[in-house]
Amino acid sequence: MIVYHFTSSEFALKALRDRRLKIARISELNNPFEFSAADFADADTRIKLEAFKNQANERYGVICFCENYHDPVLWSHYADGHRGVALVFEIPDDHAIRVGYQPEHFKLDADAAIQCGSFDEADLTRLISTKFSSWGYEKEIRMVCRLNDHFCQIDAKGKKVYFESLSLESFGVDSSTDSLKLIGLIRGVRCDLTPMDITGELLAVDTLSVHDTQLDLSSFQVISGKTYPVNGVRSFSACCFRV
């Protein structure tokens, strides 16, 4: 599946340099109603669910993608007002969770699940993949990550930060360990990143397809412009990880 991850130019270059993408904790997602799409009228159940959400926050994280890059609102909200980029990834279909959007809460019997300490996989997936219909423009695809399986560093504030590794190489026999394959970079219409900026963050063996964008005034969409390959110059020994 081809998906798009919107970010600022600064964080895009950091992702290229360090060969990894930050995993968002559930508590860091920009929707304050995460895990709240189910209809829990009982106050005691809501309290228990909040405790369960806190437990899930310590165990799981999320990387958020979109299924296309054409909506200008996505660039405005998530790519620094069109000054950033969309990183293009190929992810395995079985890693992708498509978010559903609906105008009302859905019914879910949570008491039994909370008492035994966990939801079944289907209920957990529905909780993490349902959002209010106003978010529908995002056409979001999520990849859920078990934090214990991923690289962790402590940032300057003493907080644990987790990362998913990325690769510019094709999937092969080791594809299970490289679930993120970077296949392109799309520049926003106001992005000032140059090919030299991108080249400087790639290894000498790398080639990355870069796409410019333009505004289609007839459809009010962001569409593809010029496409060109960018070849890296860095030596492998220069590749280092930073928070």
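Every listed requirement among (1) crowded, with 19+ Cβ neighbours inside 10 Å; (2) acidic (D, E); (3) closer than 25 Å to T194 by Cβ is met by E10 save one, (1). Scanning the range 168-202 for residues that are exposed (fewer than 13 other Cβ atoms within 10 Å of the Cβ), modelled with pLDDT of 90 or more and farther than 15 Å from P229 by Cβ gives a single hit, D192. Among the residues of the range 131-145, the ones that are in contact with a strand residue (DSSP E or B) (Cβ under 6 Å, 6 or more places away or on another chain) and loosely packed, with under 14 Cβ neighbours inside 10 Å come to 1 in all.
A single entry from V73, V3 fulfils the requirement of being within 30 Å of R190 (Cβ to Cβ), outside any strand (DSSP E or B) and of a type in the set (V, I, T): V73. Could you look through the range 76-103, keep only residues that are in a loop (DSSP other than H, G, I, E, B) and of a type outside the set (A, V, I, L, M), and pick out the one that is surrounded by the most Cβ atoms within 10 Å (Cβ to Cβ)? Ranking the qualifying residues of the range 76-103, first place goes to G84. Has the range 22-45 got any residue that is within 18 Å of the chain's Cα centre (by Cα), closer than 11 Å to L87 by Cβ and modelled with pLDDT of 95 or more? So far as the range 22-45 goes, no, none of its residues is within 18 Å of the chain's Cα centre (by Cα), closer than 11 Å to L87 by Cβ and modelled with pLDDT of 95 or more. Tell me whether the range 7-25 contains one or more residues that are over 17 Å from V161 (Cβ atoms), in contact with a helix residue (DSSP H, G or I) (Cβ under 7 Å, 6 or more places away or on another chain) and not in a helix (DSSP H, G or I). Scanning the range 7-25 turns up no residue that is over 17 Å from V161 (Cβ atoms), in contact with a helix residue (DSSP H, G or I) (Cβ under 7 Å, 6 or more places away or on another chain) and not in a helix (DSSP H, G or I). Among the residues making up the range 203-241, a single one is under 15 Å from L13 (Cα atoms), modelled with pLDDT of 95 or more and surrounded by fewer than 15 Cβ atoms within 10 Å (Cβ to Cβ): S209.
The values are calculated or read from the model by the stated rules, or taken from the named source; none is laboratory data. Everything quoted here is computed from the prediction, not taken from an experiment. Methodologically, a virtual Cβ is constructed for each residue, glycine included, from the backbone with ideal geometry; neighbour enumeration extends over all protein chains shown.
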